[in-house]
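Let me begin by presenting the structure, written as structure tokens, before commenting on it.
The values are calculated or read from the model by the stated rules, or taken from the named source; none is laboratory data. Because the structure is predicted, anything quoted here is derived from the model rather than measured. Here Cβ is always computed from backbone atoms with ideal geometry, including for glycine, and neighbour counts include all displayed protein chains. Calculation scope for accessible area: heavy atoms of the full protein, side chains included, ligands and nucleic acids excluded. Shrake-Rupley method; radii C 1.70, N 1.55, O 1.52, S 1.80 Å.
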Amino acid sequence: MKVLLTGGAGYIGSHVAVALAAAGHDIICFDNLSNSRADVIDRLETITGKPIPLVVGDIRDRAAVRGAIGKHGAEAVVHFAGLKAVGESVAEPIRYYDNNVRGTLSMVEAMIESGVKTLVFSSSATVYGQPKYLPLDEAHPTSATNPYGRTKLMIEEMLADIAGADPGWRIAVLRYFNPVGAHDSGLIGEDPSGIPNNLMPFISRVAAGRLPELSVFGNDYDTPDGTGVRDYVHVVDLAEGHVAALGAIAAGDAPLGIWNLGTGEGYSVLDMIASFERVNGVKIPYRIAPRRAGDVASCYASPDRARDELGWTAQRGLDAMCGSSWTFERTLAMRNAKGKAGE
Ligand SMILES: NC(=O)c1ccc[n+]([C@@H]2O[C@H](COP(=O)([O-])OP(=O)(O)OC[C@H]3O[C@@H](n4cnc5c(N)ncnc54)[C@H](O)[C@@H]3O)[C@@H](O)[C@H]2O)c1
């Protein structure tokens, strides 16, 4: 298929571009580059050996989305474009509702105007709110604890209504757990601007000496070592989940399906630090900081529905997650050093 990836230059989008290209699809990236750089596309072309057109545009611009779909003959959209920082969403809720909710609505309208009704949406385990039981399956009640989570929940509800009104839609809602790691080439990965919100890029930057130490938020949770437990899933596995989901909805007859993408295994912050140190032979200085408001003690998936219905299970373990993150960080440092030398 010809597939338009909104947010395709971002962390997860770029990995999905590689996986879709490897599965024989043609990729078009659509991104406003608010949290990514155009040169990611050059590296995607190096990895895939295929031309990947980039349309620089905003999902809130209906004509731009319609134009990109029309020009490239896209038959499906995989929708990553969005803002994702929880703390920022509390401080700037209007920006989040505008970009994520209004943006998605506008993009869906552009799809309808273009006659495209196949959509894969990046949702998040954050829609489960405070877990009432573990592992979290797709039937677990949903709720939101911050504006970012509420945007994901609102979009999910909006898509369910849209699919309910028109059975011609084929929508996959994918609830990601904690994506980490990078493509083995080291050419693409997670490189947030400013201080990272997520654990793995924080660990990598401490290992590289770009940050002095890691803050571990809370060591008095009801978990085996007191630190928070999460379901870390390798981004390359996650990307393969998108290929499976796109194939399943395109071949199926249900207007909408919801699938968790996680491993089903929970690891604590201290587990992650120890694995990173062991796999990469580095030291991660850390200190215990107070709990962060809204963080839950443990969160991990039941990945059974994705296994049974999509034929997808995560293949890569903690060593691959930690090893590839460090490869990416070091490749990035070399690229930046070369860039500086060339200035
Ligand atoms: N990374 C995670 O831990 C995680 C977990 C669960 C869900 N998600 C969701 O997955 C999606 C992708 O996340 P990511 O980690 O790759 O983030 P990212 O910031 O690396 O990628 C998002 C991309 O979307 C682009 N973008 C943002 N707003 C846009 C707009 N209005 N128009 C066009 N492009 C726009 C950005 O420039 C960026 O390239 C997001 O929707 C995020 O909420 C991420």
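A few notes on this one:
- P(r) of region 1-136 over all Cα-Cα pairs, binned every 10 Å from zero, in whole percent: 12, 42, 31, 13, 2
- Calculated [222 nm] ellipticity per residue, helices only, for the chain: -12500 deg cm²/dmol; basis is -39500 (n - 2.57) per DSSP H run with n ≥ 4, divided by all residues, nearest 500.
- Principal axis dimensions, region 83-135 - Cα atoms, whole angstrom, descending: 40, 30, 12
- Surface share of carbon and sulfur [accessible, 1.4 angstrom probe, percent] for the chain: 52
- Taking max minus min of the alpha-carbon positions on each principal axis, region 2-342 gives extents of 54, 53, 39 Å, largest first.
- Cα Rg, Dmax, region 124-173, angstrom units: 12.1, 35
- The distance separating the Cα centre of region 298-315 from that of region 123-167 comes to 17 Å.
- Neighbourhood charge, 14 Å Cβ-Cβ cut-off, centred on Leu310 and excluding it, Lys, Arg +1 and Asp, Glu -1: -2
- Alpha-carbon radius of gyration plus Dmax, which is the widest Cα pair, for region 117-247 in Å: 17.3, 53
- For the chain, the solvent-accessible area works out to 42 Å² per residue, with a probe of 1.4 Å and every protein chain left in place.
- Lysine pair count for region 2-342 [Cα-Cα under 17 Å; pairs on different chains or 8 or more apart]: 5
- Sorting 82-90, 24-32 by their mean Cβ neighbour count within 10 Å, with the most densely packed peptide first, gives 24-32, 82-90.
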